[in-house]
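The values are calculated or read from the model by the stated rules, or taken from the named source; none is laboratory data. From a predicted model like this one, the values you see are computed outputs, not experimental measurements. Positions of Cβ are backbone-derived with ideal geometry, glycine not excepted, and every protein chain shown enters the neighbour counts. Just so you know, the surface numbers come from the protein's heavy atoms only, side chains and all, with ligands and any DNA or RNA stripped out. Shrake-Rupley method; radii C 1.70, N 1.55, O 1.52, S 1.80 Å.
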Amino acid sequence: MALLQISEPGQSAAPHQQRLAVGIDLGTTNSLVASVRSGIAETLPDSDGEHLLSSIVRYLADASPVVGAEAKAAATTDPLNTIVSAKRFLGRGVDDIKTLGSRLPYEFVDADSGMPRLKTVAGVISPVEVSAEILKNLKKRAEDSLGGDLTGAVITVPAYFDDAQRQATKDAARLADLNVLRLLNEPTAAAVAYGLDKGSEGIIAVYDLGGGTFDISILRLNKGVFEVLATAGDSALGGDDMDRLIAECIMEQAGISDDADHQQLRRLMKVACDAKEILTDVEKTSFNIELEDGSFWEGEIDREQLHKLVDPLIRKSLIPCRRALSDAGVEKSEVLEVVLVGGSTRVPRVHELVGEFFEATPHSEIDPDRVVAIGASMQADVLVGNKPDSDMLLLDVIPLSLGLEMMGGLSEKIIPRNTTIPVARAQEFTTYKDGQTALAVHVVQGERELVSDCRSLARFELRGIPPMAAGAARIRVTFQVDADGLLSVTAKEQETGVESSVQVKPSYGLSDNEISSMIKDSMEHARDDMDARNLREQQVETDRVVEALQVALDADGDKLLNSEERAELDSAVVKVKEVRDGDDWQKLKEAVAALNRATTEFAARRMNASIQSALAGQSLDSLD
């Protein structure tokens with residue numbers, strides 16, 4: 001006999017049916033996929049029982065790409081076709097990538113799009129396509145494990161990924177045919193897993209040091225609300241850099257030249273990585289290096305040597321930690337717990353120096369490799385509706401201020417950095433000249449006062465503004481940043497409703513240290529920037545006053561002024577123009593004030609003339 005499903009009033013017709021959703025940690029070194037099954041969030045293994053998937057893709061001439069352990073095995077023998085750490089290239093330009101290391105074992109091809117491409121036997125490949133192959137592998141693993149098609153996925157990204165890097169991640173997911181429910185900052189995902197598991201409330205610092213990126217986030221956890229107070233980091237700092245320093249040390253000891261071939265470089269990087277991991281548990285390790293002539297060189301490295309090599313990198317990560325605490329308005333003493341995330345935090349020296357900095361013992365009870373994927377899967381479970389009664393709320397922030405270019409090359413911040421997202425902010429602007437029918441909108445990102453010191457994101461135009469007097473038009477510009485940190489900007493003229501917009505999709509992202517340096521520069525040059533802003537604003541005001549006076553003089557100067565008065569005003573204008581080209585905004589402000597005083601009588605005469613003209617031929621009765 002067939003049985004009918006039973007559901008209570010108000011419930012779904014299939015209360016037991018779970019939508020299949022996953023959390024994906026797309027890592028630089030390793031990637032994982034996790035899902036909530038029977039109420040428990042867990043990472044999903046492959047057919048061999050392995051949970052970690054090496055983020056490595058090998059391209060073949062006449063076959064499909066190979067991903068994971070099999071590709072990793074060929075990394076030293078086929079380096080040009082085996083792509084490692086592709087995440088570091090996402091959203092970057094070719095010039096940016098050159099700063100990632102003195103030499104990278106790939107053949108890069110310049111492209112018109114600005115996106116770097118790598119030459120392989122399978123053709124020219126972009127980092128987005130490499131990442132897509134990794135995501136395809138994880139998607140298949142998830143569908144095989146869960147026994148059905150996925151509804152969607154939450155994919156994690158470093159908190160310091162800019163708009164271009166986030167967009168590149170979304171593009172990779174689209175190529176992998178994944179429905180992205182949300183891009184989630186990696187530290188926030190870790191806080192989800194750690195906070196829900198431990199029931200912590202208060203201020204928590206999430207220190208996330210992975211293979212290629214570093215993030216520090218200061219969060220407040222309170223009754224299910226995960227609020228990111230501030231975030232900082234370095235999108236080109238991680239375990240890969242430790243490996244590179246160890247490899248360079250080995251090269252120096254073994255007498256290996258800097259122009260070693262690609263295979264030799266890969267072998268050195270593998271030996272360096274293995275040594276770093278072994279020294280996590282022992283005090284000393286030895287290794288053999290195969291040289292180009294086929295002979296072997298034997299060496300050793302101990303933990304003390306490792307510390308000397310990696311200490312500068314770890315201390316470099318503490319600089320963003322200080323900035324994040326400052327931005328959050330939090331003292332070290334207010335941080336209740338420090339959570340370590342990322343495989344590189346297994347290095348004992350990281351525990352020591354981070355503990356010293358925060359004056360607290362860091363926590364790493366949850367596997368630092370898995371915690372991000374686990375947190376992402378919890379959020380995915382909520383987003384697909386499997387937990388309608390969940391009170392979990394995630395509040396991320398944007399890393400750099402977003403704004404517009406104003407007259408005089410000034411940057412007007414619309415959304416300040418560390419603003420909680422998703423967010424929408426609007427501000428009204430107006431026209432500069434009489435009869436102006438179009439407006440150019442230039443979207444910029446950064447902390448400095450001048451546009452020339454910020455990064456250009458996008459440009460678009462608003463046309464069809466009705467001709468009006470300068471300053472009469474009301475143009476509302478709206479910035480909207482979605483939950484993934486992606487920006488769209490809309491400009492709308494309020495009277496006619498004419499509208500124009502742009503979705504910001506830059507071709508590549510900020511360079512390695514550009515975000516950090518932009519914030520640092522804004523602090524170091526705060527006084528200079530303010531003086532420069534005051535000067536530009538005063539110059540714009542000067543141009544407006546002079547232009548308006550010139551129009552008035554052309555129209556009524558000969559009628560209302562004698563030759564001596566006209567010469568006096570013309571001379572005052574010349575003096576103001578001379579001061580305008582200087583760099584003293586206070587002096588310019590005083591010169592404009594003097595010009596305004598000099599034109600007071602002329603302005604009064606123009607007003608009287610206008611009133612007399614308007615009243616000409618009218619009786620007192622007609623004015624009632």
- Which of the residues spanning the range 575-605 are polar (S, T, N, Q) and outside any helix (DSSP H, G or I)? THR599
- Message: Pairs please, first residue from the range 72-91 and closer than 21 Å to ASP62 by Cα and modelled with pLDDT of 85 or more, second anywhere and among the hydrophobic types (A, V, I, L, M, F, W, C) and assigned to a helix (DSSP H, G or I), Cβ atoms under 7 Å, 6+ apart in sequence or on different chains.
- Response: THR82/ALA71; ILE83/VAL130
- Sole residue being open to solvent by less than 50 Å² (accessible area, probe 1.4 Å) and farther than 23 Å from ILE216 by Cα, chosen from ALA272, ALA324: ALA272
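Search the range 433-453 for residues being among the small types (Gly, Ala, Ser) and assigned to a loop (DSSP other than H, G, I, E, B), and hand back the single one that is farthest from ASN534 (Cα to Cα).
Restricting attention to the range 433-453, the residues satisfying the condition of being among the small types (Gly, Ala, Ser) are 435, 438, 440, 446, 452.
Next, from what is left, pick out any that are assigned to a loop (DSSP other than H, G, I, E, B): 435, 446.
Working: GLY435: 27, GLY446: 18 Å.
Step by step, filter the range 433-453, then rank; the result is GLY435.
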- Restricting attention to the range 115-135, and to residues there that are open to solvent by less than 20 Å² (accessible area, probe 1.4 Å) and in a loop (DSSP other than H, G, I, E, B), which single residue is farthest from ARG19 (Cα to Cα)? PRO116
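Of the residues LEU462, LEU457, which is of a type in the set (A, V, I, L, M), out of contact with any Ser or Thr (no Cβ under 7 Å at 6 or more places or on another chain) and either open to solvent by less than 60 Å² (accessible area, probe 1.4 Å) or part of a strand (DSSP E or B) (or both)?
Numbers: LEU462 fails: out of contact with any Ser or Thr (no Cβ under 7 Å at 6 or more places or on another chain).
Sole residue among the options that is of a type in the set (A, V, I, L, M), out of contact with any Ser or Thr (no Cβ under 7 Å at 6 or more places or on another chain) and either open to solvent by less than 60 Å² (accessible area, probe 1.4 Å) or part of a strand (DSSP E or B) (or both): LEU457.
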- Query: Looking at (1) free of Cβ contacts under 8 Å to residues at least 60 places away in the same chain; (2) part of a helix (DSSP H, G or I); (3) of a type in the set (A, V, I, L, M), which is the only condition LEU138 fails?
  - Reply: (1)
- Query: In this structure, is SER145 among the hydroxyl-bearing types (Ser, Thr, Tyr), open to solvent by 30 Å² or more (accessible area, probe 1.4 Å) and part of a helix (DSSP H, G or I)?
  - Reply: yes
- Item | Among the residues listed as LEU184, LEU209, LEU175, the single one being crowded, with 24+ Cβ neighbours inside 10 Å, at pLDDT 80 or above and within 24 Å of SER126 (Cβ to Cβ) | LEU184
